[in-house]
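First up is the structure itself, then whatever we jot down about it.
Every read-out reported here was derived from the displayed coordinates using simple, explicitly stated rules and does not represent laboratory data. Every value quoted in this text rests on a predicted model; they were computed, and no experiment measured them. Quick reminder, even Gly has a Cβ in these numbers, built from the backbone with ideal geometry, and neighbours come from all protein chains shown.
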Amino acid sequence: MVEVSMTVNGKTVSGSVEGRTLLVQFLRDDLKLTGTHVGCDTSQCGACVVHVNGEAVKACTMLAGEADGAEIATIEGMANADGSLGTIQAAFQEHHGLQCGFCTPGMVMSAAALLKDNANPSETEIREYLEGNICRCTGYHNIVKAIQAAAANMTPMAAE
Amino acid sequence: MPKDSGIGASSKRREDVRFLTGKGNYTDDINVHGQTYVHFLRSDVAHGRINGIDSSAAAAMPGVVRIFTGADFEGVGGIPCGWQVTDRHGEPMQEPAHPVLAQGKARHVGDPIAAVVAETAEQARDAAAAIEVDMEELPAVIDMAAALADGSPKVHDDLTSNLCYDWGFVEENKEAVDEAIKGAHHVTTLELVNNRLIANPMEPRVALGDYNAGTDEHTLYTTSQNPHVIRLLMGAFVLGIPEHKLRVVAPDVGGGFGTKIFHYAEEAFCTFAAKAVGRPVKWTSSRSEAFMSDAHGRDHVTKIELAMDENGKFLAIRTDTMANMGAYLSTFAPSVPTWLHGTLMAGNYTTPLIYVNVKAVFTNTVPVDAYRGAGRPEATFQLERVVDKAAREMGIDPVELRRRNFIKPDQYPYATPVAVEYDTGNYDATMDKLLEISDHAGFAGRKAESAARGRLRGFGVCSYIEACGIAPSNLVGQLGARAGLYESATVRVNATGSISVMTGSHSHGQGHETTFPQVVAEMLGIDEAQIDIVHGDTSKVPMGMGTYGSRSLAVGGSAMVRATEKIINKAKKIASHLLEASEGDIELANGAFSVAGTDKSVAWGDVCLAAYVPHNYPLEDIEPGLEETAFYDPSNFTYPAGAYACEVEVDPDTGKVEIMSFAAADDFGNVINPMIVEGQVHGGLAQGIGQALLEAAVYDENGQLLSGSYMDYAMPRADDLPFYAVDHSCQTPCTHNPLGVKGCGEAGAIGSPPAVVNAVVDALADRGVTHIDMPLTPSRVWAAMNG
């Protein structure tokens, strides 16, 4: 067993895991943070995207042990402090950017990573960035619209 | 002015908040105290005789609780099929046994042979790898034509052949159709493949069985579109558990698209094993398992002939199809190529004579069943492809040829020669709207501009009609359904005026929790926020047939309307008592009951309170309480219809197709929530475009699934698709359900494949290309261009 300790959504957590335990299993099974989903076993679908030290990472491609000491952010930490939806989450609701909701946590986390690096992405840049996130419900139309809207809503804040 | 609540409002989805904050409750998020985990050992050959299974080494491995094989299920029923098709000669289809775990033979790659129950999922998986199976590999039957040939190996030794049924429809028309084709001015013939697809909802299937020995009650948590149907099929046909001892829960479900309708062996296994081992048993499918155990879709090989007179008037259609059933009959598999396909072969047209032949074939592949559209995409694809080819051969514009043959608005109700009666429609209206939103008039200019860049541009259209909300029960019973196709709803008004609506339909992305309250709020004049929807739990909802075939609102919504009408009737009786007025004078508006022509009124909440605190109440006339249930069995299908257009550019050097624009003009009748309806169309379009350009389930000649992961099966990604132009302003309301709604879930997947292929063929027509089979990969397109 491997002892791991990390910060998840601002809280320090630790656990004892098998060496082969994936980060996504540690989040879901040990920490009961079930918002991060598993949609495939080949690191293609992106339902498990979280942030590791500020970078978007598929939590199925990383061992829990490799995340020892890291700062992790998951969908559970994306709302505002008062519990209201964050800018990207609110845009997804406003623009109907989700249907079954299963890919949604990964989509939101990927969108957040994109907008952190590129505050005003073009439609093409958004679509290319989402290559690693598969949605079967929306046809992507409203996801792209939501991310465009989130970018527009976040820009004035960045300018302040 | 758009409404901001009630029917017609784009109310924001209330379920989004939990999905966006990680608080959804999907089946894999549920864990029960003391649970064990099962791993299925699946066949790695397509066809093999199981001469022995040695699990002694596996049983001794750490954490193993028990290992099951087919022998453990010998006293248990098989997985049932829910639809019996009768063949051309009046004989029932051949219906093979489908054991929970393979008995004697494995019949497709992925067929479960043994199951290891262990303390952890990893221990179960490790032990499964240590099971020794003495498997004698047999010749596999993969190709349908080969499977039907004399001397072919048989998938099921106890059947007479690999032919499930040979279905003719309408058999009495066969000779007249043959004659009409023989004597026609022109006959256009097309042979085509409707490619095999894998539904791939993003949430893999999960089953968690639990058993309470104290009460003899079973609970199954499962990723299902219809928990009551699973309760019925599994309880009555597989495990012999009566309904009152079996609870099936389908909580948040991450997409279905048809493949989560069916009752699967893993559900029966987990329910059975939980009692056998005395602990809960959980199975979570990996995506790799999903590819080889979720029912696949489509997989038809077809020849269609369209006979016309000199003006292009359609005289007759004859179509022959081989439909792949896979190795076993999945729950509704036999109905898909027959009653959901043959009945739609008239399309939007007045063709007077139609004959459909379908041969359903067993092969050593995963079972094939309904996938978004289910039979209707296969009908629409062949019809709209042959119409497009006919237009070229006749020298008539494809839009004009369609218009010449459209059923006209004054012809409804319109009885087709394939046994259905369309209640209403206006196909010229949706075509007009389509040409407007797709800027058809500007196409020539865009084509010239593409040509200047060395690209080949094409414009393709498609008209479609589909049949949704399959019904009525007495008819589908005659057609072979082993279930009714009504829906139920219970409207429970609480003492303080809030409402719980229990619906037997199920939301797995469609937004019932938002749209259903919009309807009830409109009827009662109260705030949507006072109304909650309850679904997905057989212990909370009286009965239900679930969600598929775009039936939720047309059938389930109608049941909810009927139950709400009963609520209103009773509430008016209570209000008339409170207001000391005649019941006939009571009016309900804006959440208050008033006496017509007076200023006397009583609020909704006061009437509800009186029903539960009946101090001042007509107890001699009516019971206390305010809760009503309705079952709704539709008198007909609904018939959404519309027209789609795709514009593509083809790179002549590589054969790569790029979608430049896609437009959809749909007639869904009345619309409750336009935002959600448009989202449903977007998703359907992506799946249809995926079928046309990207997706294919491919087996090699030995029955190995080559497209068994997202590395090999090309799911549409964001950069494969454009923004879509969608419109649903052409509305001819359904004439026979109370909401006038038709259903919108499948249209996008039905109308888009032919539009895409027609566009590509249009782009390449100058190079002599008349057809390319889907998916239109660059290599196929390049090969078609270069002979």
query = Among B:MET345, A:MET107, which comes first, then next, by fewest other beta-carbon atoms within 10 Å?
reply = B:MET345, A:MET107
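Ordered by packing density, taken as the mean number of other Cβ atoms within 10 Å over each peptide's residues, highest first, how do A:81-91, B:744-754 rank? Intermediate values should be presented prior to the final figure.
On the way: A:81-91: 16.8, B:744-754: 30.7.
Highest-to-lowest ranking by the protection proxy: B:744-754, A:81-91.
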request  = Compute the length gained on full extension between B:ASP216 and B:VAL32: take 0.36 nm times their separation in residues and subtract their Cα-Cα distance, giving the result in nm to one decimal.
outcome  = 64.5 nm
key: Packing rank of A:8-14, B:676-682, B:537-543, where each peptide gets the mean count of other beta carbons within 10 Å, highest leading   = B:676-682, B:537-543, A:8-14
ask   = Got a sec? Charge dipole of the stretch A:87-154, +1 on Cβ for Lys and Arg, -1 for Asp and Glu; which of A:PHE102, A:GLN148, A:ALA113 is way out at the positive end?
value = A:PHE102
query = For chain B, what value does the Rg/Rh ratio take when both radii are computed over Cα atoms and Rh is the Kirkwood radius, given to two decimals?
reply = 0.99
query = Using modelled backbone amide H atoms (1.01 Å from N, in-plane), which distant-in-sequence or interchain residues come within less than 5 Å of A:GLU18's amide H?
reply = A:VAL2
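Would you mind ranking B:ASP111, B:ASP309 by Cβ crowding within 10 Å, fewest neighbours first? Present the calculation step by step, with values, prior to reporting the outcome.
Working: B:ASP111 29, B:ASP309 11.
Final ranking by Cβ density, sparse to dense: B:ASP309, B:ASP111.
If you take the beta carbon distance between B:ALA444 and B:VAL613 as r and set R0 to 56 Å, what does 1/(1 + (r/R0)^6) give as a FRET efficiency, to the nearest 0.05?
0.15
Multiplying the sequence separation of B:SER582 and B:ASP4 by 0.36 nm and subtracting their Cα-Cα distance, what value in nm do you get? Could you put the intermediate results ahead of the total?
On the way: separation 578, 0.36 × 578 = 208.08 nm, distance 3.42 nm.
Net length gain for the segment: 204.7 nm.
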task = Compute the relative contact order of chain A as a whole-number percentage, counting only Cα pairs closer than 8 Å that sit 6 or more residues apart in sequence.
result = 23 percent
note = Between the residues B:LEU479, B:ALA448, B:ALA46, the Cα farthest towards the positive end of the dipole of chain B, that dipole coming from +1 and -1 charges on the beta-carbon of Lys, Arg, Asp and Glu, is from B:ALA448
message = Rounded, prolate or oblate, given the Cα gyration tensor of the protein assembly as shown, with a/c below 1.5 counting as rounded?
response = rounded
key: Mean-position separation - Cα centroids, the stretch B:262-296 and the stretch A:41-88, in angstrom   = 29 Å
key: Mean separation of Cα contacts under 8 Å (6+ apart) over length of the stretch A:2-77, as relative contact order %   = 40 percent
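State to the nearest 20 debye the size of the charge dipole of the stretch A:2-77 about its Cα centre, where the only charges are +1 on K and R beta carbons and -1 on D and E beta carbons. Numbers along the way, then the final one.
Details: 5 positive and 10 negative charges, 38 e Å.
Once rounded to the nearest 20, the dipole reads 180 debye.
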task = Partner chain Cβ atoms within 10 Å, averaged over the residues of B:284-291 - can you pull that number for me?
result = 3
remark   = Any helix of chain B counts here only if DSSP assigns it H throughout, its Cα atoms span 30 Å or more along the axis, and its mean Kyte-Doolittle hydropathy is at least -1.0, and such helices are B:558-579
note = Rounded to the nearest Å, the spacing of the alpha-carbon centers of the stretch B:691-716 and the stretch B:177-204 is 21 Å
inquiry  = Inside 10 Å of the C-beta atoms of B:503-512, what's the mean count of C-beta atoms belonging to other chains?
reply    = 2
task = Name all residues of the stretch B:17-53 having a backbone nitrogen under 19 Å from the label point set 7 Å from the Cα of B:ASN702 along its Cα→Cβ direction, giving them as ranges.
result = B:42-51
key: Length released on extending from B:ASP773 to B:THR654, taking residue separation times 0.36 nm less the Cα-Cα span   = 41.1 nm
query = Taking +1 at the Cβ of each Lys and Arg and -1 at the Cβ of each Asp and Glu, which of B:PRO413, B:LEU220, B:SER288 sits farthest along the dipole of the protein assembly as shown towards its positive end, judged by Cα position relative to the Cα centre?
reply = B:PRO413
ask   = Which distance in nm do the two modelled labels at A:GLU55 and A:SER84 give, with both placed 7 Å along the Cα-to-Cβ direction?
value = 3.5 nm
request  = For each pair in B:LYS245/B:LYS566; A:LYS58/A:LYS116; A:LYS32/B:LYS23; A:LYS145/B:LYS3; B:LYS12/B:LYS566, compute the distance between the two Cα atoms and list the pairs where it is over 20 Å.
outcome  = B:LYS245/B:LYS566; A:LYS145/B:LYS3; B:LYS12/B:LYS566
query = Once you average over the residues of A:73-83, how many Cβ atoms of partner chains fall within 10 Å of each Cβ?
reply = 2
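Taking the Cβ of each residue in A:THR104, B:THR564 as the centre, tally the other Cβ atoms inside 10 Å and list the residues starting with the fewest.
Details: A:THR104 31, B:THR564 24.
Going from sparsest to densest Cβ surroundings: B:THR564, A:THR104.
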note = quick note, the protein assembly as shown, DSSP beta bridge pairs, % antiparallel (nearest 5) is 80 percent
request  = Would you mind calculating the relative contact order of the stretch A:87-154 from Cα pairs under 8 angstrom and at least 6 residues apart, reporting the percent as a whole number?
outcome  = 55 percent
ask   = Which value at 222 nm does the protein assembly as shown reach when only helices count, each DSSP H run of 4 or more adding -39,500 (n - 2.57), with the total divided by all residues and rounded to the nearest 500 deg cm²/dmol?
value = -8000 deg cm²/dmol
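Kindly flag which residue pairs out of B:LYS182/B:LYS389; B:LYS313/B:LYS433; B:LYS260/B:LYS742; B:LYS154/B:LYS182 have an alpha-carbon separation exceeding 25 Å in this structure.
Over 25 Å Cα-Cα: B:LYS154/B:LYS182.
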message = If I fit a long axis through the Cα atoms of helix A:104-117 and take the longest principal axis of the Cα atoms of chain A, what angle between them do I get, 0 to 90°, rounded to 10?
response = 70 degrees
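Set the Förster distance to 25 Å, then compute FRET efficiency between B:ALA783 and A:SER43 from the Cβ-Cβ distance, nearest 0.05. If you can, show how the numbers build up before the last one.
On the way: r = 32 Å, r/R0 = 1.29.
Efficiency at R0 = 25 Å is approximately 0.20.
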